[in-house]
Amino acid sequence: MKSKDDKLPVKQNEAGISTQERQFFADIAELLQTARNTAYRAVNTIMVQTYWNIGKRIVEQEQQGKDRAQYGDFLIVNLSRYLSDTFGKGFSEPNLRNIRQFYLTFPEFATHCVTNLTWTNIRLIMRLPNAQERDWYLKEAATENWSSRTLERNIKSGYYRRLLSSKGSISLPETVPLTAEFIKDPYVLEFLDVPEDLNGKETLLESTLISNMQKLLLELGKGFCFVARQMRISTETSHFFIDLIFYNYLLKCFVIIDLKTRKLTHGDIGQMDMYVRMFDQLKRGNDDNPTLGMILCTDKDETIVKYSVLQENRHLFVSEYQTVLPTEEELASMLEYQTKRLIEESKDWENS
């Protein structure tokens, strides 16, 4: 047994290394990691472009056959066998059909200059039936560097169509503020893993949102940065606490969110109106645009929304949220309703 005076052995790679040397080693490691990432992106870009060119050649070859459908199947089978014997795995018949479909779906892909989309992401996007939706996901996934898991989640939650129902499916008058383009309705918070019925559990909802901040920011959309939770704003006689505070650097304004685990009430709107006014006076900087207030609730009362200050105040918003992914039928129904509502609101904006 070793005595207490015995020294523990020092690892060889840690002995005699100064702080400067450690920093030097870290710098070299960073250079290597950057090089590997750059090489991976370059290889990925080349492979995606190669798949597109292969798809193009397959389609061109098919067009030489008399019976295109029958000849096409025959061509894919034989090509799969040849490429598998020559290059090994990766050229199964299903994958070659995907490569063929890649070219047919995006015949102008070579001009899009999309350099960081993985083959997995492209396969997910090209299965969407709507061309405009495909193009939007193509550009957004590349710009925001979405992983395949993030992209799949956004597609399943109807991310594009929820944005479209909020601001893009109709021609809005110029009087509608730009801020309306940053608000989705509904918000899908399936990543929280909480009970579907949260009535009376606002603290649980808030805490779970904070624990899943990265996913929440993704769902909120572009430009959002988290600032604080339960921020206190005080007057000479009273203290008030705002659930969540964000800053949107694209809009250059604060966005304050009030969480409700029940149906919207008139009092909720009045409270948020007061919060926005107080925040503007007490917290907003000289270079900031007016604060936006958003109420997230489980159910909107359209009568209250229509006849409240929401119709006149362009800085207050109400959106529903749900904690499970909607089915395709539920999503279509929600978006149809939201579009009709937005058309009516746009008429009100034009007449106001």
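The values are calculated or read from the model by the stated rules, or taken from the named source; none is laboratory data. Source: prediction; values computed, not measured. Reconstructed Cβ throughout: ideal geometry from the backbone, glycine too, with neighbour counts over all protein chains shown. Ligands, DNA and RNA are stripped out before the accessible areas are found, and what is left, the full protein with its side chains, is counted by its heavy atoms. Shrake-Rupley method; radii C 1.70, N 1.55, O 1.52, S 1.80 Å.
Annotations for the structure displayed:
- Gain on full stretching of the segment that runs from E330 to V305 - 0.36 nm per residue minus C-alpha separation: 6.8 nm
- Using a simple spin-label model with pseudo-atoms 7 Å out from Cα toward Cβ, S148 and T120 lie 0.4 nm apart.
- Out-of-range pairs (alpha-carbon distance over 24 Å; input K184/K300; K156/K184; K184/K283; K201/K263; K184/K263; K89/K139): K184/K283; K89/K139
- Ranked by how many other beta carbons lie within 10 Å on average, peptides 302-313, 239-250 from highest: 239-250, 302-313
- Ordered by 1.4 Å accessible area with all protein chains kept, T237, T120, T291 run largest first as T237, T120, T291.
- Peptides 320-329, 24-33, 267-276 ranked from most to least packed by the mean count of surrounding Cβ atoms within 10 Å: 267-276, 320-329, 24-33.
- Rolling a 1.4 Å probe across the protein heavy atoms gives region 253-310 an accessible surface of 45 Å² per residue.
- For region 195-243, a/c is not less than 1.5, where a ≥ b ≥ c are the root eigenvalues of the C-alpha gyration tensor, and a/b does not top b/c. That puts it in the oblate class.
- Ordering 153-162, 88-97 by mean Cβ neighbour count within 10 Å, with the highest value first, yields 153-162, 88-97.
- Taking only protein heavy atoms and a 1.4 Å probe, the accessible area of region 267-308 is 42% carbon and sulfur.
- Sites Y82 and M47, calculated FRET efficiency, Cβ-Cβ separation with R0 25 Å, nearest 0.05: 0.85
- Once the Cα-Cα distance is subtracted from the 0.36 nm per residue extended length, the I210 to Y40 segment shows a gain of 57.9 nm.
- Full-stretch length increase - T203, D288 - with 0.36 nm per residue and alpha-carbon distance subtracted: 27.6 nm
- Prolate/oblate/rounded call for region 205-305, Cα gyration tensor, a/c under 1.5 rounded: rounded
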